[in-house]
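Working notes for the structure below.
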Amino acid sequence: MKSFLKYTLASMLALVLFTIVATIFTIISFAGMVASDGMTSAVKDNSILRINLGGVLAEQSQDDPMSAITGAVKENVAGLETLTKAIAKAKDNKKVKGIYLENALLAGTPATVQELRQALVDFKKSGKFILSYSDTYSQSGYYICSVADKVMVNPEGMIDWHGLASEPMFFKDAMAKVGVKMQVFKVGTFKSAVEPFTNTEMSEANREQVTSFLGSIWQNILKEVSASRKIDTERLNGLADEYMALHPSRYLIESNLADTLVYLDEVKKILKQEMELDDDKSLTFVSPSEMASAEVPDYKEEDDKIAVYYAVGSIVQTSEGFSMSGNEPQIVGEKVIDDLRALREDKDVKAVVLRVNSGGGSAYASEQIWREVELLKEEKPVVVSMGGMAASGGYYISCGANQIYAEPTTLTGSIGIFGMIPDMSELITQKVGVKFDVVKTNALSNLGTLSRPMNAEEGGLMQAMVERGYETFTGRVAIGRKMPLARVKEIAEGRVWTGEQAKELGLVDKLGNLDAAIKAAAKLAKVKKYNTVSYPNPEPWYMTLLNEKKSGYLEAEMRDMLGEYYTTFSLLRNIKQQDRLQTRIPFEPNIR
């Protein structure tokens with residue numbers, strides 16, 4: 001009997017282990033199939049590049065094959081890198097006859113959206129068609145689709161055309177209710193990142209800068225839509241005042257924002273007419289990922305490479321650093337330094353384009369990355385391509401490059417520095433009732449204690465530290481931009497500029513997209529034949545899955561436990577994780 005049980009249990013254990021291993025291999029295999037689905041080396045004749053503009057436009061695609069297994073829906077479209085590559089290939093591929101844009105609810109930073117639109121404008125030089133259809137167009141979605149030969153909207157649909165607004169939130173009073181105050185140390189009249197925690201409304205300086213950069217961005221949008229739709233900018237501005245989303249769809253035609261009102265089933269007929277296909281023939285679509293991965297005729301792998309290094313998200317020193325969201329991308333100082341060093345030592349890499357999309361973060365980490373860029377520049381050219389934001393710490397890591405390119409609507413500058421330390425003594429000692437006592441050997445031994453706010457001496461030392469950081473930052477800019485220090489300080493003060501404004505001030509060399517920056521880098525490196533290679537390699541899909549599960553569970557638990565106080569406490573929790581000195585723009589530019 002014992003022998004029977006032993007063999008039975010052994011068999012059951014083996015079966016369980018086999019099932020687990022088989023399941024793992026099945027998931028990995030299926031994930032691999034999902035991840036590779038649509039990848040092709042050839043595009044069929046008479047194809048249409050179909051671009052879905054729903055979701056959020058990021059710098060790079062973030063593949064999640066497990067979402068197909070779990071049924072999860074992620075609100076993001078193919079990344080800008082994939083989309084622009086697909087559009088460029090479609091322009092030159094004779095088998096692709098045009099582009100169809102759909103579901104135009106896109107959200108993204110003005111500069112990222114502008115770069116995608118520029119790719120479509122360039123595509124039109126091929127003489128091929130672009131058609132767009134959507135039930136509802138977001139303002140960013142319409143800005144992109146306005147380049148189309150024909151803008152189609154559902155008879156009961158709408159175009160959200162309303163202008164721009166920035167409406168920051170302020171937490172000072174909310175924190176006061178739970179007994180928390182923010183101790184702030186800063187340099188820069190316009191350094192407004194601290195205002196959500198110290199003010200109940202925008203300062204006059206902040207209102208001035210936001211009014212300025214919003215106006216610059218909106219004028220760019222008006223000018224470009226005007227050129228595509230042949231509508232005077234003054235008329236476009238007037239339509240925005242009317243808030244077009246609230247008007248009947250026929251007014252969209254009357255105002256020339258759209259060309260025709262059609263239902264979705266009619267769109268296929270219009271596409272077939274454009275393709276000169278009979279009704280019984282099927283349309284052939286190709287996705288951006290398929291198009292981007294399609295083979296290029298006569299492609300040759302070159303030894304010389306131009307590296308495009310993506311620096312996206314908050315700047316932190318280690319992967320455990322500050323992040324407003326568990327899933328937010330980060331520029332991790334120690335990793336970026338290792339990666340840039342590897343590119344410096346790679347003899348096949350002739351130049352590096354640093355693609356920056358960051359509102360900043362740790363001043364210390366920014367300084368270390370700046371240093372590595374300087375070392376890299378000694379060996380090969382470094383060109384910065386600014387995305388949606390390259391401000392504060394994002395500008396710090398950019399300022400030393402040989403050349404800087406930005407989009408007209410990029411948010412940049414914000415050359416300033418601050419430190420924030422929460423004073424939670426009232427919450428802990430009065431509201432919670434915890435008492436403290438202390439024995440210390442030196443006057444400042446308990447600096448930073450939870451039992452009391454900082455005193456005048458401690459505050460003075462902290463302010464002096466911030467001012468030293470500001471002197472270092474402005475000094476780096478002066479050297480990198482070959483500009484007198486006094487002039488740097490005139491245009492610094494933490495003020496945010498658009499790329500268009502920054503070029504006039506000398507903070508940016510040229511207005512242009514990533515492709516223009518790549519060509520500039522190749523010219524500086526004196527190479528004519530090269531391949532472009534993107535770095536760093538994306539995180540494996542299974543690591544993304546694990547991180548999301550962990551973050552999502554913890555965030556849900558925090559929300560349930562803290563209720564209405566969740567926002568305040570989560571902000572305070574993250575602030576405690578920051579380096580003492582921060583160089584960043586407001587946490588959310590909040591442009592809508």
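Points to keep in mind about this one:
- Filtering the range 329-348 to residues that are surrounded by fewer than 22 Cβ atoms within 10 Å (Cβ to Cβ) and in contact with a helix residue (DSSP H, G or I) (Cβ under 6 Å, 6 or more places away or on another chain) leaves I337, R344.
- Candidates N237, N220, N199, filtered to the one that is surrounded by 14 or more Cβ atoms within 10 Å (Cβ to Cβ) and without any contact (Cβ under 8 Å) to a residue 40 or more places away in the chain: N199
- Within the range 430-486, the set of residues being at positive phi and either without any contact (Cβ under 8 Å) to a residue 12 or more places away in the chain or among the acidic types (D, E) (or both) comprises G433, K482.
- Members of the range 155-180 found to be under 23 Å from G108 (Cβ atoms) and at pLDDT 95 or above, listed by number: G157, M158, I159, D160, W161, H162, G163, L164
- Test result for S289, more than 24 Å from T409 (Cβ to Cβ) and part of a loop (DSSP other than H, G, I, E, B): no
- Residues located in the range 383-403, provided they are of a type outside the set (V, I, T), surrounded by 24 or more Cβ atoms within 10 Å (Cβ to Cβ) and within 13 Å of G512 (Cα to Cα): S385, M386, G387, G388
- Residue match in the range 154-171 (condition: in a helix (DSSP H, G or I) and either in the same structural domain as M389 (by TED's automatic domain parsing) or charged (D, E, K, R) (or both)): no
- When the range 226-265 is filtered for residues that are in a loop (DSSP other than H, G, I, E, B) and among the basic types (K, R), only K230 remains.
- Test: residue in the range 253-266 that is exposed (fewer than 14 other Cβ atoms within 10 Å of the Cβ) and either touching a residue at least 60 places away in the same chain (Cβ under 8 Å) or touching a helix residue (DSSP H, G or I) at 6+ places or on another chain (Cβ under 9 Å) (or both): yes
- The criterion of at least 2 residues that are in contact with a strand residue (DSSP E or B) (Cβ under 8 Å, 6 or more places away or on another chain) and modelled with pLDDT under 90 is met by none of the helices (runs of 4 or more DSSP H) falling completely within the range 25-138.
- Helices (runs of 4 or more DSSP H) contained in the range 447-527 and holding at least 1 residues farther than 22 Å from G215 by Cβ and aliphatic (A, V, I, L, M): 456-480, 485-491, 514-525
- Options A90, A119, A111: the member that is in contact (Cβ under 8 Å) with a residue 24 or more places away in the chain, among the aliphatic types (A, V, I, L, M) and closer than 19 Å to E276 by Cβ: A90
- Hey, S203 polar (S, T, N, Q) and not assigned by TED's automatic domain parsing to the domain that holds G157 or not: yes
- Of the residues making up the range 350-374, those that are farther than 20 Å from A517 by Cβ and either among the charged types (D, E, K, R) or surrounded by fewer than 24 Cβ atoms within 10 Å (Cβ to Cβ) (or both) are Y364, E367, Q368, R371.
- Of the set (1) part of a helix (DSSP H, G or I); (2) touching a residue at least 24 places away in the same chain (Cβ under 8 Å), all apply to I404 but (1).
- Some residue of the range 326-334 being farther than 25 Å from K489 by Cα and either part of a helix (DSSP H, G or I) or in the same structural domain as L80 (by TED's automatic domain parsing) (or both): yes
- V187 surrounded by 21 or more Cβ atoms within 10 Å (Cβ to Cβ), of a type in the set (V, I, T), more than 30 Å from A406 (Cβ to Cβ) and not assigned by TED's automatic domain parsing to the domain that holds D265: no
- Verdict on I415 being closer than 18 Å to R495 by Cβ, assigned to a strand (DSSP E or B) and touching a residue at least 12 places away in the same chain (Cβ under 8 Å): no
- Restricting attention to the range 290-308 and to residues that are buried (at least 20 other Cβ atoms within 10 Å of the Cβ) and under 30 Å from L101 (Cβ atoms), the residue that is modelled with the lowest pLDDT turns out to be A294.
The values are calculated or read from the model by the stated rules, or taken from the named source; none is laboratory data. Small disclaimer: the values here were computed from a predicted structure and weren't measured. Don't worry about glycine lacking a Cβ; one is built from the backbone with ideal geometry, like all the others, and counts go over all protein chains shown.
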